Structures are given as structure tokens and as C-alpha cells.
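Read the structure below first, then the notes.
The values are calculated or read from the model by the stated rules, or taken from the named source; none is laboratory data. Small disclaimer: the values here were computed from a predicted structure and weren't measured. Counting neighbours? That spans all protein chains shown, and the Cβs are built from the backbone with ideal geometry, glycine included.
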Amino acid sequence: MGGISPDKPSRQQLEFLGYLRPVGRAGVRNTLLVLGINGLITPTARRIAQALPGCKLAATPYGRGQLGPDKDMHFAQLVGLGSHPNSGATLIVGVDRPSADAVAEAIAARSGKAVAIATLDDVHEDALALTALAVRRGGELARLLSTQRRVPVPVAELFVGIECGHSDATSGLVSNPLAGALADRLVDCGGTAVIGETLEWLGAEHVLAERAIDGVVGAAIVEAVAKRERAVAALGVDLLYNNPGHENVRGGLSSIEEKSLGAIAKAGERPIRSVLAFAAPPPCTGLHVMDGPGFSPESLTGFAAAGAQIMLFTTGPGNSFCSHVAPTIKISGHPATTERLAAQIDFDASPLFLAQASLAAMADSLFDYLLDVAGGTATWGEIFDEGDECFARFGGSF
Amino acid sequence: MAESENTPGATGWNAMAIHPHDSVAVALRDIEGEARVRVGDAIQVVRLAAPIPMGHKLALSRHETGGDVRKYGQRIGVATAVIEPGHHVHVHNMASCRGRSGA
């Protein structure tokens with residue numbers, strides 16, 4: 001329990017104000033989710049969401065022509081987002097009734113929450129009639145979830161996804177170690193954390209594997225990286241300027257190994273319990289890694305589908321993108337960034353870069369802020385609605 | 001960047017080696033002239049061949065072509081040319097060893 005400073009022995013007893021759910025972790029928000037499950041009706045789902053103020057829209061551009069692992073991964077994202085604890089109820093907007101029923105049944109089984117369905121099948125392919133039907137059903141759900149109230153919930157119920165985007169040298173020096181120290185504190189309290197983006201373990205996978213709970217998990221970490229490295233090699237391309245990208249190189253990062261060694265600092269120092277498949281919920285509390293794409297919008301959707309209620313998102317020069325269903329705390333340790341992007345960066349880690357504060361003290365204050373956000377304090381991304389969900393394809397992005 | 005008594009620049013270092021065995025240091029601000037590199041508890045002074053932008057790397061020792069470039073105590077790539085101490089280390093004189101089909 002090295003992550004707990006002796007002057008704060010009561011962190012494990014801490015609570016946040018959350019929304020209890022019939023099954024699983026409490027929510028830190030209580031919104032209606034409009035879930036578009038087929039790209040054919042995405043414009044309709046968008047219109048429906050516009051007619052339901054305060055709801056969140058997650059709409060896939062896909063939904064047909066997917067087979068095997070691709071279909072399974074797509075379904076896992078739909079069901080995961082539909083079951084997300086921050087949504088008090090889910091309105092499924094679909095095309096054919098059987099697919100919508102399958103998604104609805106899986107969401108109800110996993111989350112026990114209220115689910116309604118509206119499909120083109122119900123209205124003889126009339127998208128305007130679908131709009132009217134879905135808005136009415138969505139309104140009923142919104143009224144139902146408005147009756148729910150926040151109650152004290154143990155901090156152990158928190159599950160945090162940790163992401164980095166537009167990294168520079170300050171990420172590996174300051175903001176990623178800070179996110180890692182936060183993960184350590186949360187895990188020590190019985191909570192759960194995940195990092196993803198397999199390609200950004202490349203060159204650092206031996207370090208991560210040493211932290212695995214056993215040899216099986218360690219070997220899975222190494223193999224997940226090897227699989228993607230083989231795929232890159234098979235394409236006959238070089239990772240430079242893809243990953244690390246142009247903004248990484250501008251910030252001083254010269255290779256994927258350098259970026260990865262900085263990136264894994266956000267996993268803290270606790271044992272890695274499992275390698276999660278993309279969008280898969282963790283089988284137990286503690287620290288996990290998710291085998292997923294290195295594009296942060298997709299990675300965040302994977303964490304959200306796994307059930308993470310809050311995201312920590314570190315950046316060097318700034319990055320406005322947020323999860324849609326999970327409040328996303330933007331952290332930068334670059335003094336110029338935190339000054340320039342005062343209405344984007346939620347947590348200023350530059351005192352750590354300037355050696356004006358200790359890592360432990362900054363991690364304690366980030367932990368306090370995490371509980372504030374869990375209890376309802378809005379992030380900049382929520383205020384300006386910078387969130388979206390980005391569905392990933394099997395074998396798609398690296 | 002604000003300066004105060006507590007900033008690394010004001011207290012005597014403007015670059016740091018993350019791990020004591022690293023062959024490169026990270027500039028903590030835009031530096032020219034000489035870098036004062038914190039390596040563990042010691043300060044190593046390195047004359048710079050050219051200005052180093054904040055966040056970028058400077059060589060602490062001579063790297064032969066093909067030699068390891070080390071940061072975080074790990075290899076982050078190899079030198080693609082001879083790199084003298086105090087020189088900027090970046091994509092023009094080092095390369096990844098991973099994820100490269102042409103390597």
C-alpha cells in the first residue's frame with residue numbers, strides 16, 4: 001500500500017455522490033443515452049437526440065457486413081455503451097427489430113436498466129415516424145431517470161480509463177506519472193483502472209510484462225504488442241509520423257519506444273491483473289490493460305464500453321477530444337499549455353514540471369478533484385460538449 | 001514560463017536525465033549555450049552545439065552510429081550517425097528499432 005501517504009489513512013473510506021444502478025458500479029452522471037445501432041439510421045438518431053435535451057447520442061456508422069470477431073467487437077461496444085453506469089436509461093434506435101432486441105436484451109442482462117426500442121421495422125421504414133416514436137419513448141425514459149437522486153457511494157466503485165493524446169516530453173515526465181500515481185491511489189482503495197493503446201506499449205512491453213500478476217498475463221501483454229508489430233511490418237510501412245505523430249515529433253519524441261516508455265507511466269506501479277479484449281469489462285478490480293487501437297477516440301470508446309465512469313486524459317500541447325458518456329479530465333504538465341488552454345485543461349500539472357510541487361501532493365489533489373467530478377463537478381469537455389463515441393473495427397486502426 | 005526560486009532553471013538545472021544510466025537528457029526549457037543537466041543528485045554541465053527546444057533531447061555522451069540511445073533507463077532507438085555530447089538527438093540522427101518494415 002505504498003501509494004497511500006501516512007497522513008491520509010482514511011482515503012479508502014472516502015465516498016462520492018453517485019447514482020446507484022440495479023447491477024454493477026454506480027453512475028457519476030445520470031443521462032439518457034440514445035444509442036444508434038446501425039449506420040443507416042444515424043441521421044435519424046441524431047435528429048431524435050436533438051429533440052431530447054440533455055441526452056447523449058452514441059451512434060455507430062456500421063452495423064451490416066460485419067462477421068466473426070468484427071461483428072462481436074461491434075456488438076460489445078453497443079452493449080457496453082448501452083449498459084454504461086452514467087446512463088440512467090438507454091433508448092435504442094435501430095433498423096430491424098431482431099438486431100435491436102438482441103442489443104436490448106444484452107444491455108438489460110448486464111445492467112438491469114430501463115431500455116426502450118424504436119426501429120424502422122416498427123414504422124414501415126418511415127424515418128420521420130421513427131423520430132416521433134423514439135422521441136416519445138425517450139421522453140418517458142428521461143422522466144423516469146429524473147426521479148433518481150445522488151447518494152454516497154464508496155470510492156472503490158470508481159473505474160477510471162487513462163488515456164494520453166497529443167503527447168510531448170512533458171507527458172512522460174509529468175502528467176503520465178501523475179495519472180499513474182492517481183491510478184495507484186484508486187487501486188489501493190479497491191477501485192479499478194485501465195490503460196489501452198497496445199501500439200504504445202511497443203518498446204516498453206517488457207516493462208509492463210514484469211508488472212503482470214502472473215506469467216500468463218505477462219505473455220499476453222507481449223503477444224498483444226507482437227501481433228500489432230507484425231501487422232505494421234506486413235504493410236511495409238514505417239511508424240514514424242504515424243506513431244509518434246507529427247505533433248509528438250514536434251514536441252521532442254523521436255521514436256515509438258520513447259513515446260511508449262512515457263505512455264506506460266500512466267499505468268502507475270500496481271500489478272496488472274489482466275489484458276482486456278477491446279470493450280470488455282474487467283473481471284475484477286485493480287489495474288488492467290486493454291488490447292485496443294491507438295487512436296484516442298476509439299480507445300476511449302473501448303474504456304467506456306468496458307464501464308469506466310471517468311476518463312483521465314493527459315496531453316502535452318492540448319487535445320480537446322473527450323469521451324461522450326464519461327466525464328474526461330484533461331491534464332497537462334506543460335506550463336504554456338495550461339496557460340493557453342485555460343478552458344480546456346481541467347487539471348494543471350505544471351507545478352510538477354516546474355518542481356513547485358511533489359508528485360504525491362499533486363496526486364492527492366488530483367484524487368480530490370476526481371471525487372469532485374464524480375460527484376457532479378463539470379469538466380470543460382462537458383461544458384463545451386467536446387465528447388463523442390468513436391466505434392472501432394476489428395483489424396482497423398493501429 | 002514563469003521563473004521563481006523554485007523553478008528548475010532558477011535553482012540550477014535546465015535539463016534532466018530521467019534515469020542515471022540515460023545517454024540523453026530532456027531540456028526542461030528552451031536552452032542555448034550550455035545545459036545544466038540534473039543526473040540523480042548531481043549537475044552535469046554540457047556545452048550545446050545548437051539550441052535545444054523544450055522537451056527535446058541532448059546527448060550526454062558520444063553515440064557511435066548504431067549505438068543505443070537510452071532514456072527512462074531503456075533503449076529508445078539507435079543513433080543513425082555519430083552524435084557528440086551536447087548535440088540535439090532527434091529523428092535526424094536516431095531511429096526506432098521497432099515497428100519498421102524496412103529495418
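Worth a mention:
- Residue check: A:Tyr241 meets all listed conditions (1) more than 13 Å from every other protein chain (Cβ to nearest Cβ); (2) free of Cβ contacts under 8 Å to residues at least 40 places away in the same chain but one, namely (1).
- Selection of helices (runs of 4 or more DSSP H) fully inside the range A:325-397 by the criterion of at least 2 residues being aromatic (Phe, Trp, Tyr) and assigned by TED's automatic domain parsing to the domain that holds A:Ile310 returns A:359-374.
- Looking across A:Thr314, A:Thr301, A:Thr285, one residue alone is under 30 Å from B:His92 (Cβ atoms) and either among the polar types (S, T, N, Q) or in the same structural domain as A:Gly80 (by TED's automatic domain parsing) (or both). It is A:Thr314.
- A:Ala233 meets each of the listed conditions (1) at pLDDT below 95; (2) surrounded by fewer than 18 Cβ atoms within 10 Å (Cβ to Cβ); (3) farther than 16 Å from A:Leu199 by Cα apart from (3).
- Qualifying residue in the range B:57-76 (condition: outside any strand (DSSP E or B) and either at the interface with another protein chain (Cβ under 9 Å from one of its Cβ atoms) or in contact (Cβ under 8 Å) with a residue 60 or more places away in the chain (or both)): yes
- A:Glu298, sole failed condition from (1) within 14 Å of chain B (Cβ to nearest Cβ); (2) surrounded by fewer than 24 Cβ atoms within 10 Å (Cβ to Cβ): (1)
- Every pair of residues 6+ apart whose Cβ atoms lie under 8 Å, when the first sits in the range A:14-29 and is at positive phi while the second is modelled with pLDDT of 95 or more: A:Gly24/A:Ser83; A:Gly24/A:Pro85; A:Gly24/A:Arg110; A:Gly24/A:Ser111; A:Gly24/A:Gly307
- Scanning the range B:46-56 for residues that are within 8 Å of another protein chain (Cβ to nearest Cβ) and on the phi < 0 side of the Ramachandran plot gives B:Pro53, B:Met54, B:His56.
- Just so you know, in the range B:31-55 the residues that are of a type in the set (D, E, K, R) and outside any strand (DSSP E or B) include one that is surrounded by the most Cβ atoms within 10 Å (Cβ to Cβ), and it is B:Glu32.
- Options A:Leu287, A:Leu276, A:Leu253; residue that is facing chain B (nearest Cβ under 10 Å) and not aromatic (Phe, Trp, Tyr): A:Leu253
- Selection from the range A:177-209 of residues that are more than 10 Å from chain B (Cβ to nearest Cβ) and in contact with a Gly (Cβ under 6 Å, 6 or more places away or on another chain): A:Gly180, A:Ala183, A:Asp184, A:Arg185, A:Val187, A:Asp188, A:Val194, A:Gly196, A:Glu197, A:Glu200, A:Ala209
- Selection from the range A:378-393 of residues that are touching a His at 6+ places or on another chain (Cβ under 6 Å) and either of a type in the set (A, V, I, L, M, F, W, C) or surrounded by fewer than 18 Cβ atoms within 10 Å (Cβ to Cβ) (or both): A:Asp388
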